[in-house]
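I have placed the structure first, in the form of structure tokens, so that the comments after it can refer back to it.
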Amino acid sequence: MAPVKPYGGPTRKLVLGIDVGTTYSGISYAILDPGEVPRIQGVTRFPGQENAAGDSKIPTILYYRPDGTVHSAGAEAAVPGIELDAEDEDLFLSKWFKLHLRPEHLDSDEVNRRDLPPLPPSKTVVEVFADFLGYLFSCARRYITDTHASGESLWNSLSDQIDFAAVLAGLVPNDAAGHARIHFVTEGEASLHFCIQSGLTSESIETGESVMIVDAGGGTVDISSYSFTSTTPISVEEVATAECIMQGSTRVNVRAEKFLKEHLQNSAYGNEEDIKTMLDYFDKFTKPVFKDSNETSYIKFGSMGCNDPRSKIRRGQLQLSGAEMASFFQPALDSIVATVQRQRQSAESHPIKSVFLVGGFAASPWLYNGLQTTLQGRGMTLCRPDTHTSKAVSEGAVSFYLDRFVSARVIRTTYGVACNHDYEPNDPVHAARALWKFVRPSGRVVLPNGFSPILTKGTRVREHQEISSSFCREAQAREKKKLNNISTSITCYKGRVSDPQWMDVESEMYTPLCTIHADTSKVARTPRAGSQGKYYVQAFNVILQCGLTEMKAQISWTEDGQEKRGPATIVYDDELEEYH
């Protein structure tokens with residue numbers, strides 16, 4: 001187990017690590033006292049789940065009233081009889097809402113947006129997220145105040161000193177100081193920290209080997225690879241571009257539902273209510289214990305009088321063969337193995353022999369056994385924690401905040417800005433675009449719809465490293481005020497071209513992420529002579545601050561001989577407006 005260093009900050013602080021999963025969510029925390037070694041703890045008691053004290057997860061579900069207010073959430077939305085209340089009060093159940101956040105490029109023939117349970121009427125996915133995060137925050141407050149001595153005064157003394165190691169909404173003030181208390185960490189990196197702190201990677205650390213983390217959750221499976229470059233202190237570098245596949249445990253449910261509807265279409269028990277009852281039982285009891293493709297499984301759904309031999313229903317139980325059960329899981333296993341192999345090849349200069357399986361789906365005996373057998377045949381060993389694989393992300397998020405083991409990361413997508421390219425008449429691509437060329441005030445002939453990559457996919461960057469590119473804006477003398485404020489959008493490219501140059505080629509692969517600004521009104525500019533008269537120029541740099549799990553962007557310029565910088569903005573993939 002990696003030694004935890006004493007907290008070196010000047011004041012007491014509380015760190016919350018919140019993991020909002022597709023199907024289950026959890027919270028971990030650490031109270032940081034200057035000079036003391038922090039202890040990472042989990043919230044293990046939630047409203048509606050008091051009889052299951054020790055559970056570190058609650059269902060990621062909410063019931064909404066017709067007026068859009070939250071009726072209940074988490075375990076309180078899964079108590080016995082809640083469905084009757086929902087029917088009487090016309091409540092709306094929101095589940096799997098996290099998957100509405102996924103980028104379009106993760107859609108496929110098998111997995112697409114049409115499969116998802118709808119969002120509540122007049123609610124965006126961001127608003128549902130905010131409601132659920134607010135509920136988790138209240139659960140954390142209740143647990144900490146109830147569990148710790150003088151808990152209420154403890155919380156009150158720390159309420160404005162809480163740092164969040166997660167992607168949050170509505171829990172901090174909407175200003176620079178509030179934003180600074182939010183820290184982003186990928187699921188893969190959080191899981192790596194959990195594995196290190198749990199002692200799972202001790203052998204790999206000692207030998208300087210590389211490891212792969214497979215975080216199998218409810219909605220997605222996130223796969224990332226790391227190499228240990230130092231043991232004292234522990235230092236880790238990412239060695240391949242992390243990948244996310246839509247093959248979490250909910251896909252098993254979707255395939256089971258499709259099977260049941262087809263299998264029972266001519267049965268008296270193929271109605272919507274019976275199939276819903278079957279799926280609930282399947283999810284809670286049949287799916288978690290399935291381990292052997294040679295064994296028969298059962299789904300209980302009705303009374304002893306429910307019989308349909310043709311549909312293999314006897315005394316209220318539906319019989320499923322091992323092969324039928326395996327068919328629900330097999331696509332997930334195949335996708336994980338293919339991604340593991342692809343990532344292993346990508347990191348070929350860092351041979352990977354150890355794979356660590358975490359996340360809620362990791363508890364599946366069939367998935368674990370199948371993955372273990374397949375990877376052994378390829379010279380790899382598979383390990384997973386004995387217990388609590390589902391809390392890896394929330395605990396790992398807090399560990400990330402405390403330790404920051406990873407010193408280099410691989411960029412997952414290409415980032416750049418829109419630009420005009422200088423026209424080169426001898427370039428066939430430029431010649432084909434000659435119809436759109438135009439002249440700038442300086443006399444430069446340029447082509448629109450260009451793209452200038454600043455940081456390309458697959459590049460390895462170190463923590464606190466900055467990457468920048470130089471640009472300029474021109475304005476005729478009568479319009480020179482346009483140069484007093486500079487703004488540009490950071491855009492990501494998600495296609496396969498290694499050096500994309502034109503935003504009207506594969507235009508669907510370009511997504512604007514954020515806009516950065518600079519106040520250049522105090523810059524002294526000297527007029528220049530151009531083909532259209534006097535003009536002015538404002539030179540500036542677009543800077544990407546890389547290496548942290550979140551990336552920031554800003555503009556720099558020169559003013560009175562000194563570098564000035566505009567405010568830094570977190571770069572995040574905002575495709576949410578499409579998913580209302």
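Computed quantities for the displayed model
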| quantity | calculated |
| --- | --- |
| Lone qualifier among T296, T381 - being over 20 Å from L260 (Cα atoms), more than 25 Å from the chain's Cα centre (by Cα) and among the β-branched types (V, I, T) | T381 |
| Unmet criterion (only one of (1) in a helix (DSSP H, G or I); (2) at pLDDT 95 or above) for I299 | (1) |
| Tally of residues being outside any loop (DSSP other than H, G, I, E, B), in contact (Cβ under 8 Å) with a residue 40 or more places away in the chain and either open to solvent by 10 Å² or more (accessible area, probe 1.4 Å) or in contact with a Cys (Cβ under 8 Å, 6 or more places away or on another chain) (or both) across segment 334-352 | 4 |
| Within segment 100-205, helices (runs of 4 or more DSSP H) holding 2 or more residues that are modelled with pLDDT of 70 or more, among the β-branched types (V, I, T) and over 24 Å from D55 (Cα atoms) | 125-147 |
| Selection within segment 188-235 - among the acidic types (D, E) and over 16 Å from the mean Cα position of the chain (by Cα) | E203, E206, E209 |
| Only one of Y269, Y281 that is open to solvent by less than 80 Å² (accessible area, probe 1.4 Å), over 30 Å from I205 (Cα atoms), at pLDDT 95 or above and part of a loop (DSSP other than H, G, I, E, B) | Y269 |
| Which listed residue, of V417, V461, is under 27 Å from E348 (Cβ atoms) and part of a strand (DSSP E or B) | V461 |
| Whichever residue in segment 255-275 is touching a helix residue (DSSP H, G or I) at 6+ places or on another chain (Cβ under 6 Å) and in contact (Cβ under 8 Å) with a residue 60 or more places away in the chain and, among such residues, is farthest from I299 (Cα to Cα) | R255 |
| Selection status of L375, part of a strand (DSSP E or B) and touching a strand residue (DSSP E or B) at 6+ places or on another chain (Cβ under 6 Å) | no |
| Matching entry among P567, P512 (being modelled with pLDDT under 95 and part of a strand (DSSP E or B)) | P512 |
| Segment 420-444: number of residues that are surrounded by fewer than 16 Cβ atoms within 10 Å (Cβ to Cβ), in a strand (DSSP E or B) and touching a residue at least 24 places away in the same chain (Cβ under 8 Å) | 2 |
| Failed criterion for N369 (all others in (1) in a helix (DSSP H, G or I); (2) exposed (fewer than 14 other Cβ atoms within 10 Å of the Cβ); (3) not small (G, A, S) hold) | (2) |
| Strands (runs of 3 or more DSSP E) wholly inside segment 44-98 containing at least 1 residues that are open to solvent by 40 Å² or more (accessible area, probe 1.4 Å) and closer than 20 Å to Y281 by Cβ | 92-95 |
| Answer residue from segment 392-414, given it is among the aliphatic types (A, V, I, L, M) and either assigned to a helix (DSSP H, G or I) or free of Cβ contacts under 8 Å to residues at least 40 places away in the same chain (or both) and is surrounded by the fewest Cβ atoms within 10 Å (Cβ to Cβ) among those | L402 |
| The lone exception for F356 - which of (1) open to solvent by 50 Å² or more (accessible area, probe 1.4 Å); (2) in a strand (DSSP E or B) it fails | (1) |
| K287 assigned to a loop (DSSP other than H, G, I, E, B), closer than 23 Å to L375 by Cα and not small (G, A, S) | no |
| Index of the failed condition, V211 passing every other in (1) open to solvent by 10 Å² or more (accessible area, probe 1.4 Å); (2) of a type outside the set (K, R); (3) over 23 Å from F97 (Cα atoms) | (1) |
| Residues satisfying the stated conditions in segment 214-264, i.e. among the polar types (S, T, N, Q), out of contact with any Pro (no Cβ under 7 Å at 6 or more places or on another chain) and either crowded, with 18+ Cβ neighbours inside 10 Å or not in a strand (DSSP E or B) (or both) | T220, S224, S225, S227, T232, T241, S249, T250, N253 |
| Number of positions in segment 483-496 that are at pLDDT 95 or above and not in a strand (DSSP E or B) | 2 |
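The values are calculated or read from the model by the stated rules, or taken from the named source; none is laboratory data. Here the structure is a predicted model, which is why all the values come from computation and not from measurement. Positions of Cβ are generated from backbone atoms using ideal geometry, with glycine treated the same way; all protein chains shown enter the neighbour counts. Keep in mind that these areas ignore ligands, DNA and RNA; they rest on the heavy atoms of the full protein, side chains included. Shrake-Rupley method; radii C 1.70, N 1.55, O 1.52, S 1.80 Å.
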